[in-house]
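A.B. asks: Sharing a structure with you now.
The values are calculated or read from the model by the stated rules, or taken from the named source; none is laboratory data. Quick caveat, the model's predicted, so the values are computed rather than measured. Here Cβ is always computed from backbone atoms with ideal geometry, including for glycine, and neighbour counts include all displayed protein chains. Remember, those area values only see protein heavy atoms, side chains included, never the ligands or the DNA or RNA. Shrake-Rupley method; radii C 1.70, N 1.55, O 1.52, S 1.80 Å.
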Amino acid sequence: MAIVALLLMVVCSAQADTYNIKRTQTFKSGETLKCNFYFNWNFIWIKVGEASLTIRDTIYNGQKAKCMKLLSSTNKKADSFFRMRDTLMTVFTDDYKPIYYRKASVEGKKYRLRQVWYSYLDASRVKVAQYSRYNDEAPIYKEEVFDGPIYDMMSLLAYARTLDFTSLKKGTRLTFNVASGKKVEKQHLVYRGKKKTKSDDGHEYDCFRVSLITEEDGDEEEIVNFHVTDDRNHLPILLDLVLNFGSAKARLSHMSGVMYPVTAVVD
């Protein structure tokens with residue numbers, strides 16, 4: 001799962017924590033979100049599986065941290081023509097600094113494993129160790145040092161949920177360095193404004209809409225468009241995903257263990 005034109009653009013070259021945007025705590029240990037997963041086949045949306053997102057307190061190398069895990073899998077019917085099993089996990093500190101990232105994916109007959117380890121050398125420099133393996137090919141390992149904050153896809157999602165979207169103008173763009181386990185690339189979060197969004201739990205929600213755009217060699221591509229509730233939880237209600245073989249959606253079907261009352265319900 002390869003998982004996420006502007007009327008007004010505010011382009012920032014500094015890294016995430018230098019934007020000085022107001023942030024807030026939006027989730028706690030014990031939160032569990034479940035989603036239905038859909039593929040688009042010949043312009044028809046078909047339910048092909050389920051996904052779950054959990055956040056739990058953990059201890060990593062003797063340090064208190066939080067672990068956010070995303071599990072997604074196709075159902076038996078979809079397995080007959082395309083089998084997918086993805087596990088994504090990030091471990092991060094209470095101030096959202098990532099410590100470890102892992103993505104293991106089975107897509108058809110392809111198996112990929114990617115891992116990232118973060119070592120904070122001082123207040124600004126981060127050593128990033130990346131490991132990637134594809135099927136039975138020889139693994140690739142490399143280490144690099146970067147200035148400024150660096151994230152992976154999952155820890156960036158956690159960070160994005162803490163942003164105070166009411167302080168952003170439509171079209172605001174935030175730029176990040178993001179490690180995939182294979183390379184580090186520029187990615188951008190673009191605030192798209194507000195939208196009413198239906199979920200699979202029978203409700204409609206007032207949401208903030210944000211795009212994640214990847215950049216490589218100057219070319220940009222939107223990989224996910226996600227909608228989070230306009231309340232203190234910033235719950236992801238809908239993810240529109242661009243995959244190598246088409247498009248997909250993940251719609252919230254159930255929530256438990258959320259931090260605050262859910263006040264963004266429209267109906």
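A.B. asks: For the range 253-267, just list the computed ³J(HN,Hα) in residue order, Karplus coefficients 6.51, -1.76 and 1.60, θ = phi - 60°, integers in Hz, with x standing in for Gly and Pro.
C.D. replies: Each residue of the range 253-267 in turn: 10, 7, 9, 7, x, 6, 6, 10, x, 8, 9, 8, 5, 8, 8 Hz.
A.B. asks: Continuing with the same structure: Listed highest first by mean packing, meaning other Cβ atoms within 10 Å per residue, what order do 70-81, 175-186 come in? Write down the numbers at each step before the final one.
C.D. replies: Values: 70-81: 15.1, 175-186: 18.6.
So the order, starting with the most tightly packed, is 175-186, 70-81.
A.B. asks: Tell me, what is the FRET efficiency for Val106 and Lys47 to the nearest 0.05, using R0 = 22 angstrom and their Cβ-Cβ distance as r?
C.D. replies: Working: r = 20 Å, r/R0 = 0.89.
According to the calculation, E is roughly 0.65.
A.B. asks: Suppose all protein chains stay in the model; what accessible area per residue would a 1.4 Å probe give for the chain, in Å²?
C.D. replies: Numbers: 13120 Å² over 267 residues.
Normalised by residue count, the accessible surface of the chain is 49 Å².
A.B. asks: Give me the number: length gained by fully extending Asn75 to Val266, i.e. 0.36 nm times residue separation minus the C-alpha to C-alpha distance, one decimal in nm.
C.D. replies: Extra length from Asn75 to Val266 when fully extended: 65.7 nm.
A.B. asks: Can you tell which of Thr229, Gln187, Ile213 lies farthest toward the positive end of the dipole of the range 187-267, using +1 and -1 charges on the Cβ of basic and acidic side chains (Lys, Arg; Asp, Glu)?
C.D. replies: Thr229
A.B. asks: Just how large is the dipole of the chain about the Cα centre, in debye to the nearest 20, putting +1 at every Lys and Arg Cβ and -1 at every Asp and Glu Cβ? Mind dumping the intermediate values first?
C.D. replies: On the way: 40 positive and 33 negative charges, 109 e Å.
Once rounded to the nearest 20, the dipole reads 520 debye.
A.B. asks: Past the 27 Å Cα-Cα mark, which pairs from Lys34/Lys66; Lys97/Lys186; Lys34/Lys186; Lys77/Lys109? Write down the numbers at each step before the final one.
C.D. replies: Details: Lys34/Lys66 19 Å; Lys97/Lys186 17 Å; Lys34/Lys186 29 Å; Lys77/Lys109 17 Å.
Distance filter (> 27 Å) returns Lys34/Lys186.
A.B. asks: Around Asp231, which amide H atoms from residues at least 5 apart in sequence, or from another chain, sit under 5 Å from its own amide H, with H modelled in the peptide plane?
C.D. replies: So Asp231 has HN proximity to no qualifying residue.
A.B. asks: Further question: Calculate, in nm to one decimal, what Ser256 and Arg85 gain on full extension: separation in residues at 0.36 nm each, minus their alpha carbon distance.
C.D. replies: On the way: separation 171, 0.36 × 171 = 61.56 nm, distance 2.33 nm.
Between Ser256 and Arg85, full extension yields 59.2 nm more.
A.B. asks: Going by average Cβ density within 10 Å per residue, which order do the peptides 108-118, 202-212 take, highest to lowest?
C.D. replies: Ranking the peptides 108-118, 202-212 by packing returns 202-212, 108-118.
A.B. asks: Pull up all non-local amide H partners of Lys196: gap of 5 or more, or a different chain, and H-to-H distance under 5 Å with H placed in the peptide plane.
C.D. replies: The list, which skips near neighbours in sequence, is Cys207.
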